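Only one structure is covered here, and it is reproduced in the block below.
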Amino acid sequence: MGKSCAFFGHRDFLYGTYEKQVREIVVSLIEKEQVTQFYAGGRGAFDWFCAKIVADIKKEYSQILLTQVLSYIPEKKDEFGYKPPYFDDSVYLLEKQVPPKFAISETNKILVKKSDFIVSGVWHNWGGAYSAVEFAKRQGKTVIDVVE
């Protein structure tokens with residue numbers, strides 16, 4: 001079974017100048033680390049930026065999967081199968097319902113624990129993405145920074 005990688009970054013940043021770097025990171029994770037599962041939340045600029053890159057790379061590496069991680073229980077049962085552009089599927093990781101203001105942070109913690117690698121598009125020291133990456137470091141996960 002392959003390894004997994006999650007993307008965490010801020011929702012309001014222009015990441016376009018990092019496309020080549022992220023592409024190289026993803027290909028290296030596939031080829032050298034046997035990563036076959038990628039996760040992104042699809043809530044902000046970095047998530048969508050990385051999802052698009054992984055979807056493009058998937059044309060050459062058909063064994064990889066890209067899953068959107070949902071932080072909220074879908075309102076309708078049929079939304080559990082919702083598949084947005086670029087993603088192969090979606091998953092809801094929380095085992096119990098939490099207050100909406102904690103849903104993203106709790107989902108991020110579970111995702112960090114589930115992932116072998118974290119690709120970070122964090123560029124300032126506040127917010128949910130920053131907290132998730134710091135949690136990943138405390139968990140001993142391999143964190144690859146895109147933005148220095």
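Yes or no: Ser4 small (Gly, Ala, Ser), farther than 20 Å from Val133 by Cα and at pLDDT 90 or above? No; evaluated as a whole, the condition is false for this residue. Exactly one residue out of Asp88, Asp78, Asp12 is open to solvent by 80 Å² or more (accessible area, probe 1.4 Å), farther than 20 Å from Tyr130 by Cα and modelled with pLDDT under 95, and it is Asp78.
Within the range 120-133, the only residue that satisfies the criterion of being over 16 Å from Gly41 (Cα atoms) and surrounded by 14 or more Cβ atoms within 10 Å (Cβ to Cβ) is Trp123. Every test in (1) modelled with pLDDT of 95 or more; (2) under 16 Å from the mean Cα position of the chain (by Cα) is passed by Lys83 save one, and that test is (1). From the list Val112, Val146, the one residue that fits, being more than 16 Å from Ala45 (Cα to Cα), of a type in the set (A, V, I, L, M, F, W, C) and either surrounded by 18 or more Cβ atoms within 10 Å (Cβ to Cβ) or at pLDDT 95 or above (or both), is Val112. Taking (1) out of contact with any Gly (no Cβ under 9 Å at 6 or more places or on another chain); (2) surrounded by fewer than 17 Cβ atoms within 10 Å (Cβ to Cβ) in turn, Phe117 satisfies each apart from (2).
Residues in the range 10-33 that are assigned to a helix (DSSP H, G or I), of a type outside the set (Asp, Glu) and touching a residue at least 60 places away in the same chain (Cβ under 8 Å): Tyr18, Gln21, Val22, Ile25, Val26, Leu29.
The condition (being touching a Ser or Thr at 6+ places or on another chain (Cβ under 9 Å), of a type in the set (A, V, I, L, M) and within 26 Å of Ser28 (Cα to Cα)) is satisfied by just one residue among Ala103, Ala51, Ala132: Ala132.
Each residue in the range 23-32 was checked for being within 17 Å of Ser120 (Cα to Cα) and either at pLDDT below 95 or open to solvent by 20 Å² or more (accessible area, probe 1.4 Å) (or both), and 5 of them qualify.
The values are calculated or read from the model by the stated rules, or taken from the named source; none is laboratory data. Treat the numbers as computed from the prediction; the structure is a model and nothing was measured. Positions of Cβ are backbone-derived with ideal geometry, glycine not excepted, and every protein chain shown enters the neighbour counts. Please note that ligands, DNA and RNA were not included when accessible areas were found on the heavy atoms of the full protein model with its side chains. Shrake-Rupley method; radii C 1.70, N 1.55, O 1.52, S 1.80 Å.
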